[in-house]
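Comments concern the structure below.
Read-outs throughout are calculated quantities, based only on the coordinates presented, and are distinct from any laboratory measurement. These numbers were taken from a predicted model, which means no experiment stands behind them. Note that each Cβ is placed from the backbone with ideal geometry, even for glycine, and that neighbours are counted across all protein chains shown.
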Amino acid sequence: MRISDVTGFLDECFPRENAMDYDNNGILAGYPDRAVTAVVLSLDLTGKAIECARQSGADLIITHHPIIFGGINTLNTETYKGRILTDVIRNGITCYACHTNLDMTDEYGNLAIAKALGAEDAKHLEGTGCGVVFETKEESLHEFASKVRKALMASGIITINDPSNKVKKVFAQGGAFDEDSIPAILANGVDTVVSGEIKHHVCVELEECGVNSVIAGHSATEQIYLEKLRETLSEKFPSIKFIVNYNNEKASVI
């Protein structure tokens, strides 16, 4: 198998034309024609992800967030991006990003959040770019927020709402919450939003509309995508080892 076989499959699963205009997906550095025996999956291209690739003999790192947005002016190793990109090239590692084109495919993104929270009936919410809605057993916001923290392995939860508020119908959108989703959320009777980042003024607006906001952290709401992606790639390419790197947690080799 070659790296281009894996990246070509990802392009089929998550067409790059579905990405947002500002995004930068695909192979960002490396050697698409080289053979591949091991692959690291990581939310970001970091020094820890590269070290995980070195230790496991991985030829490819697949990230959710692209390290290059809007171009770069230098590969000076005194800069973060210059150092990281020089490091992957020196080590013969290819890096590939699959960002908002994956976000637009709820099966691999927001449905993974819903599943982790015990949802059985989650579905895409029309009127949102990405995001799913589901019902849960009625519980207090305090109880629900605790469940979110544990399920997503978040370091903490932020909410401005009364912890005694009730939670029954939830909208989940990993990463950063899109304010344009609010009309659809209100029209569908959602009482709680779970996301990685929500601006304070948006939390206030949601509260005034009777909607709780649960902020679990950008990484926590998106790292959960990686296992679903690993399963899909392992099924397609059984001869390749796929390793999930969690950056600030010990890498998990499955």
Antiparallel bridges, percent of DSSP beta bridges restricted to the stretch 3-99 (to nearest 5)
25
Roughly what % of DSSP beta bridges within the chain run antiparallel, to the nearest 5?
40
GNM of the chain, Cα pairs under 10 angstrom: of 98, 130, 203, the biggest fluctuation goes to 203
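Using helices alone, I'd like the mean residue ellipticity at 222 nm for the chain: each DSSP H run of four-plus residues gives -39500 (n - 2.57), total over residue count, nearest 500. Each step should come with its number before you reach the end.
Values: 10 runs with 88 residues, N = 254.
-9500 deg cm²/dmol, from helical runs alone.
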Debye, to nearest 20: dipole size of the stretch 1-128, +1 on Lys, Arg Cβ, -1 on Asp, Glu Cβ:
640
Lysine pairs in the stretch 106-221 with Cα distance under 15 Å, only those 8 or more apart or on different chains: how many are there?
13
Under-5 Å amide H pairs with residue 131, H placed in peptide plane, nonlocal only
125
Once exposed loop GluC sites (Glu not before Pro) are cut out (DSSP; at most 13 other Cβ, 10 Å), longest piece of the chain:
127-248
Which option, (i) 19.0, 57; (ii) 20.0, 62; (iii) 18.1, 56, is the value of Rg and Dmax of the Cα atoms in Å that was calculated from these coordinates?
(i)
Could you list, bin by bin from short to long, the percent of Cα-Cα pairs of the stretch 3-99 in 5 Å steps?
3, 14, 25, 26, 19, 11, 3, 0
Largest fluctuation, 202, 40, 167 only, Gaussian network model of the chain with Cα springs under 10 angstrom, belongs to 202
Label residue 187 and residue 75 with points 7 Å out from Cα along Cα→Cβ: what is the distance between them in nm?
4.9
Phi-based couplings in Hz for the stretch 43-50 (Karplus 6.51, -1.76, 1.60; Gly and Pro marked x)
4, 10, 8, 10, x, 5, 5, 5
At q = 0.14, 0.18 Å⁻¹, what base-10 log of I(q)/I(0) does the Debye formula yield for the stretch 106-221 when every alpha carbon is treated as an equal point scatterer in vacuo?
-0.46, -0.80
Per residue Cα convex hull volume in Å³ - calculated over the stretch 167-226:
75
List, in order, the whole-Hz ³J(HN,Hα) value for each residue of the stretch 139-146 obtained from phi through the Karplus relation with A = 6.51, B = -1.76, C = 1.60 and θ = phi - 60°; use x for Gly and Pro.
8, 6, 4, 4, 5, 5, 4, 5
